[in-house]
Structure formats: structure tokens, C-alpha cells
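Below: one structure, written as C-alpha cells.
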Amino acid sequence: MPDPDCLVPGCTGGVEAEAPVSLCAWHAAVTAEWSTAASGITDVLPVPCRLCGSRLGVRWPSGWLCAVCEWRHGDPVDDELPPPRVDVVYYLRFDDRIKIGTTARPRQRLAAIWHDELLAFEPGDRLVERRRHESFAEERYGRTEWFRRSPALDAHVAALSAGVDDPWARYARWTSEAIARRG
């Protein structure tokens, strides 16, 4: 039995027997190119993103974008500009306690605090930190930023860290997004 003809009117190109749609190779390629122009193709970046370090990108006909921070691959990073301010509320665990604090320089701040594990970050400044302290006031050790673990506090931290393998990757994304917004 001969291969069927292409479904495109006027095309007499043959269709491979395994093809899911009766299109000749040329029309299948045109369709694929058109489809990727509308949604891009997720793939590994040629080199890691200069802003967030991600290896995952989206390839468009016009070029690559980082799939994490959407920085255009190949665009220069203006190293002369100061880094943007990205305030975060952090959650640190030490033994059976959790510290809830805030900073705009998390690497520097966390290096100065004795802790076992960084549990999560959330975007926010002192106002968000104050709200978290009020939310978990019953678990608070005096007037410190340290809290006893509780089902409610554990659930909050779990919600913040859901789907996040590394809180630093999330922080890198927020920083690169702030750089991209700045232009």
C-alpha cells in the first residue's frame, strides 16, 4: 500500500507511515517551526545564565531566555551598577528552634548567625517580618527572633519551601528579576 499524500491541499508529498498527522516532511517542519515561534522550546542553555546560574532556558526564534529569571541570553550584565536591594524574610533552624529575621544582604547576615539549616526565604521587609512574629507570637522565645517549632510554624515554612530545592536559587531569581526590571 503506498504512503498517503500530505493533507495540505495541492501537496503531493508522501507521508511517512509512522507520522501522527498526514503531513509531508516539509509541511511537518513548517508546522513545528510555527509552533515553537508561539511557545518556544525549553532546553538546556548553551552556558549557565549570567544572572541566576540556571542551566534551563527557552529557545525562541529571536534567541534564548533563561527559564528561571527570563534574562536574555547573551545580554551584558552592567557590573558597574550596584546590585538591586532585595529584602527577604529568612527562616533558619538551629536544633529545635527557628529564627525569623529579615535582611537585604542574606549571605552576609546568615554568615553571622549560628544555624544548622536555611529553611526558606520569602520576599519581604521589616513589615512582613513583624507580621510573622505576630502570627507565631505564642511560640516566641521572649523578645527574640527565635521561635519554638510548632505545627503552624512548620506548615508555614513548608508552604514557603514547597517546590524549592534550594532557597538560594529562589533568592537569585528575585535578584535577577530586580535587575531585569531596572533595565
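How would you order 95-104, 114-123 from highest to lowest mean count of nearby Cβ atoms within 10 Å? Write down the numbers at each step before the final one.
Values: 95-104: 17.5, 114-123: 15.9.
In descending order of packing, they fall as 95-104, 114-123.
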Can you compute the modelled spin-label distance between residue 30 and residue 96, with each label point 7 Å from Cα toward Cβ, in nm?
7.1
For residue 115 and residue 140, FRET efficiency with R0 = 25 Å and r from the beta-carbon atoms, rounded to 0.05?
0.90
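Starting from the Cα gyration tensor of segment 104-153, multiply each eigenvalue by 5, take the square root, and state the resulting semi-axes largest first in whole Å. Don't skip to the answer; put the middle values down first.
Details: eigenvalues 73, 40, 23 Å².
One finds semi-axes of 19, 14, 11 Å for segment 104-153.
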Using Cα pairs closer than 8 Å and at least 6 residues apart in sequence, work out the relative contact order for segment 53-183, in percent.
24
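Calculate, in nm to one decimal, what residue 41 and residue 155 gain on full extension: separation in residues at 0.36 nm each, minus their alpha carbon distance.
Details: separation 114, 0.36 × 114 = 41.04 nm, distance 3.56 nm.
Result for the pair: 37.5 nm of gain on full extension.
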Separation of the residue 75 and residue 108 label points, Cα + 7 Å toward Cβ, nm
2.7
For segment 40-183, the percent of accessible surface on carbon and sulfur atoms (probe 1.4 angstrom, ligands and nucleic acids excluded) is 50
Based on the alpha-carbon gyration tensor of segment 58-183, what equivalent-ellipsoid semi-axes (square roots of 5 times the eigenvalues) come out, in whole Å, largest first?
32, 16, 12
Which order do the peptides 61-67, 28-34 take when ranked by the mean count of other beta-carbon atoms within 10 Å per residue, highest first?
61-67, 28-34
Per residue accessible area of the chain, 1.4 Å probe, in Å²:
64
Please list, in chain and number order, the residues 5+ apart from residue 45 or on another chain whose amide H is under 5 Å from its amide H, with Hs placed from the backbone.
56, 57
Between residue 148 and residue 178, what is the FRET efficiency for a Förster distance of 41 Å, r being their Cβ-Cβ separation, to the nearest 0.05?
0.75
For residue 60 and residue 17, FRET efficiency with R0 = 41 Å and r from the beta-carbon atoms, rounded to 0.05?
0.80
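The values are calculated or read from the model by the stated rules, or taken from the named source; none is laboratory data. All values reported here derive from a predicted model rather than from experimental measurement. Here Cβ is always computed from backbone atoms with ideal geometry, including for glycine, and neighbour counts include all displayed protein chains. Areas reflect the complete protein model, heavy atoms only, side chains present, ligands, DNA and RNA absent. Shrake-Rupley method; radii C 1.70, N 1.55, O 1.52, S 1.80 Å.
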